[in-house]
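The values are calculated or read from the model by the stated rules, or taken from the named source; none is laboratory data. Here the structure is a predicted model, which means the values were calculated and not measured. Virtual Cβ from ideal backbone geometry, glycine too; neighbours counted across all protein chains shown. The protein model used for the area step is the full one, side chains on, heavy atoms only, and it has no ligands, DNA or RNA in it. Shrake-Rupley method; radii C 1.70, N 1.55, O 1.52, S 1.80 Å.
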Amino acid sequence: MKIVFKNALVVTMNETMDILKSCDVLVENDRIAAMGALSPEQMDKAKVIDATGKLLMPGLINGHNHAPMTLLRNFADDMNLQTWLFEHIFPAEDKFTGEDVYWATLLGIMEMLASGTTCFVDMYFFMDEMVKAVAESGIRAQLSRGVTCNDAGPDFSQDKKLNESIDFYKKWHGAADGRVMGAFAPHAIYTCSGNYIRAIRDAAEKYNAPIHVHVDETRVEHEDALKNYGKTPVKYLYDLGLFDLRTIAAHCVWVTPEDRLLLKEKGVSMVHNPSSNLKLASGVAPVAQALEEGLNVMLGTDGPSSNNNLNMFEEIHLAALIHKGSALDPLLVNAGEALRMATVNGARGIGREDLGVIRPGNKADLIMLDLEKPHFKPLHNPVSALAYSSQGADVCMTMVDGRILYDHGSFPTLDREKIFYQIDKACARIFS
Ligand SMILES: [Zn+2]
C-alpha cells in the first residue's frame, strides 16, 4: 500500500524545524518511506493525494487525557477541582458501565481525529472497552488503568484495582499492531496512599512499564503534602521511587525549582494542560522555566470535563500565550516550542522516537491542514500560523500508521450516527 502526498507544504518538526515547500511525501504501509522529489519508480502504483494548498505536519500527541469523560462534558463547570472531582465527577463515574466507556471513548477519538490528534495518553477504567475503541478506530494510545486506594497497606496482593492494572498491561500492551501501549497509573497522591503508590510502582517495574500520574496540580495538593509529609508532592513521589520508572507527570503546576531538578534528574516528562489548569483555577505551570532547564514538557487537554474539548490546537495556542501574559514577557514559550510540546516532546514522553517528526523511517502518523482559509493569508511564517492562527477545524485529513482515519468530515473507521445515538442513550440512564 503506497500513498503519495503531492506538492505539500511540510512542517517537519525536525531538530532544525525545516519547512519544505512543494514537497512530496511517500507513505509505504505504516511508515514514511521518502520525501522530496520522488522518482517514477517510487510513485509507481501509489495512490496520489493532491496536497496543493495544504500543510502536512506530524500528528499531534495529546499527553494527558481521560477520553471517556466526554460523557461528562459541560456537566459540572465553574467550580474548584476538589468540589468538581469529589462531589460531581466521581459519583457520576460510579454509574458508568463498560459499554458507556466504549462509546464515550469512540466519541473522544472522533473529536481527536477531526482536530489532528493521532495519539493520546490516557488513564481511566473499563480498559478492555477502551482498548477495543482504540483498536477499532485505528488511533494510537498509551493507556493505563487509573487507580485510587487510600488503605495503609502494605500488602496489596489481593487489591482488585492493582490486579486489574497488571492484567490490563499483560493482556493489551503492544496490541493492535503496537498502537496500544500500556502503562501503570496511580491517580494522585491525594487519592492513593504511599504504600499503594509503592505497590503500583513495583508492579510496573516488574513488567518494565511506564507510569502516568497526576502531580502537584493544585495549591491544596501542594500544601497538604507539605503538611502531611513535610515535603512537596514531587519530592514525596521521588522518595517513593516512582520516578525511577519512565514517568509522565500531568500538570506540575506548583512544582518548585528544586522539584524541577528532581524531575530533570529522573527524566520525568511534565504535561502542560493549560485549558484545564485555567478552568479549574489551578494556576499556570512554570513551563517556560522547565523548558529553559531542559525538561521534556508535553502538552495535553486533560479530560473533556475539565476543558471542555479535546482540541490540541487550542492547547498549542494557549501554551504560546499564557506564559507571556502571566509573566509580562513576550519572549516566553514561542510558537515553535508550543508546537514541539504537542509533537516531538509528546513522542519522547511515550518513548517513541519514531513519532512526532516527519522523516523517512518514522511512522506515518500525519495530519493535513487546509491553508485555503482567510486566517492563513498571508502565510509569512507557517510555524507562527500553526500556533497563533490555526484551529482544529483546519485539519482536513488525519492518518495513523499509514491509514486515513479522517478525511474531510468523514470517518472511514467510525459510525458517527451510531456513536451519537449510544452517547445519548448512556446519558439518559446515567443522569436520569
Ligand atoms: Zn487528569
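Mind checking which pairs have a first residue in segment 52-69 that is at pLDDT 95 or above and part of a strand (DSSP E or B) and a second that is polar (S, T, N, Q) and within 11 Å of the ligand (Cβ to nearest atom), Cβ under 7 Å, 6 or more apart or different chains?
That search, which allows pairs on different chains as well, returns 62/301; 64/273; 65/301.
Against the conditions (1) of a type in the set (A, V, I, L, M); (2) within 19 Å of the chain's Cα centre (by Cα); (3) open to solvent by 40 Å² or more (accessible area, probe 1.4 Å); (4) not assigned by TED's automatic domain parsing to the domain that holds residue 80, where does residue 367 fall short? Just the number, please.
Going through the list (1) of a type in the set (A, V, I, L, M); (2) within 19 Å of the chain's Cα centre (by Cα); (3) open to solvent by 40 Å² or more (accessible area, probe 1.4 Å); (4) not assigned by TED's automatic domain parsing to the domain that holds residue 80, residue 367 breaks only (3).
Evaluate segment 228-248: report whether one residue or more is within 30 Å of residue 74 (Cβ to Cβ), of a type in the set (Asp, Glu), open to solvent by 50 Å² or more (accessible area, probe 1.4 Å) and modelled with pLDDT of 95 or more. Quick ask: steps written out before the conclusion?
Our first condition is that a residue be within 30 Å of residue 74 (Cβ to Cβ); within segment 228-248, this holds for 233, 248.
Still in the list and also of a type in the set (Asp, Glu): none.
No: zero hits.
Looking only at helices (runs of 4 or more DSSP H) that lie completely in segment 194-244, which have at least 2 residues being closer than 22 Å to residue 172 by Cα and more than 16 Å from the ligand (Cβ to nearest atom)? Walk me through how you get there before you give the answer.
Values: elements: 194-206, 219-229, 233-239.
The helices (runs of 4 or more DSSP H) meeting that bar are 194-206.
Here is a yes/no grid of residues against (1) away from the ligand (no atom under 16 Å from the Cβ); (2) surrounded by fewer than 24 Cβ atoms within 10 Å (Cβ to Cβ); (3) more than 19 Å from residue 398 (Cα to Cα); (4) not assigned by TED's automatic domain parsing to the domain that holds residue 29:
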{"site": "287", "(1), (2), (3), (4)": "yes, no, yes, yes"}
{"site": "293", "(1), (2), (3), (4)": "yes, yes, yes, yes"}
{"site": "296", "(1), (2), (3), (4)": "yes, yes, yes, yes"}
{"site": "304", "(1), (2), (3), (4)": "no, no, yes, yes"}
{"site": "310", "(1), (2), (3), (4)": "no, no, no, yes"}
{"site": "316", "(1), (2), (3), (4)": "yes, no, no, yes"}
{"site": "321", "(1), (2), (3), (4)": "yes, yes, yes, yes"}
{"site": "339", "(1), (2), (3), (4)": "yes, no, no, yes"}
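Quick check on this structure: which one of 105, 83 is without any contact (Cβ under 8 Å) to a residue 24 or more places away in the chain and assigned to a helix (DSSP H, G or I)? Before you say what the answer is, go through the steps one by one.
Details: 105 fails: without any contact (Cβ under 8 Å) to a residue 24 or more places away in the chain.
Going through 105, 83 in turn, the sole match is 83.
Taking the stated definitions as given, is residue 114 open to solvent by 10 Å² or more (accessible area, probe 1.4 Å), closer than 24 Å to residue 394 by Cα and touching a helix residue (DSSP H, G or I) at 6+ places or on another chain (Cβ under 9 Å)?
Considered against the rule, which asks whether it is open to solvent by 10 Å² or more (accessible area, probe 1.4 Å), closer than 24 Å to residue 394 by Cα and touching a helix residue (DSSP H, G or I) at 6+ places or on another chain (Cβ under 9 Å), residue 114 comes out as yes.
In segment 178-221, what residues are among the aromatic types (Phe, Trp, Tyr) and under 13 Å from residue 248 (Cβ atoms)?
Here is the first cut: in segment 178-221, the residues among the aromatic types (Phe, Trp, Tyr) are 184, 190, 196, 207.
Once the filter is applied, which keeps residues that are among the aromatic types (Phe, Trp, Tyr) and under 13 Å from residue 248 (Cβ atoms), segment 178-221 yields only 184.
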